[in-house]
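Heads up, the thing below is written out as structure tokens.
Coordinate-derived values only; no laboratory data. Please read all numbers here as calculations on a predicted model, not as lab measurements. Glycine also receives a Cβ, built like all others from the backbone with ideal geometry; neighbour counts cover every protein chain displayed.
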Amino acid sequence: MGKSVVDEAVAEERFRSIYAAFERHVFAYCLRRIDRDQAIDCTAETFLVAWRRIDDVPAGQAALPWLYRTAHHVIGDRYRSRTRRRALVGALEANSLPNSVDEPEAVVVRREADAEVLAALDRLRPADQEVLRLAVWEELPHREIGELLGCSAHAVDQRVHRAAKRLRRELGEPARASAPMTPRTEGQGGR
């Protein structure tokens, strides 16, 4: 039998609340990986899955990693190296503040540096790209990245470290023991 009218109303209200709280985050997540039109479609599909599985969506802030994981699965087959690079550059430009007080020279230099990093990122393996995006751009704790990728936080620590090392190598930088772009987790010490 189907859900009762009351259950449906509660589910609909819960869905509306989740959508209002996290739609922008999921869209930004998708937009960093694919072009705008595909990001719109993938965001809609992610929330369609959330609606269909509303009872499986965790409560509160725990819903966001669940939605990221769902979006990850939705867009997993949409990766193409050239399209991915263009989408990242477009997302970066879309995130620039239009009323910035930066001098034009600083903006040009920053965009050139951003393009170099994005090009280097594009040359990495998809798994390295994803773990760096989740750690640096999405700013997820390593524990949540581990849940998303199906591994431990310690494994994520290692993956982020190795991926950042490979990215530095792509950028022509020498390997360092501690890189500023490698997010630190609690309990990490420097020896």
Considering each of 124, 167 in turn, give the residue that is of a type outside the set (Lys, Arg), in contact (Cβ under 8 Å) with a residue 40 or more places away in the chain and touching a Lys or Arg at 6+ places or on another chain (Cβ under 7 Å).
124
What tally of residues in segment 112-156 results from selecting those that are more than 16 Å from residue 68 (Cβ to Cβ), in contact with a helix residue (DSSP H, G or I) (Cβ under 6 Å, 6 or more places away or on another chain) and among the acidic types (Asp, Glu)?
3
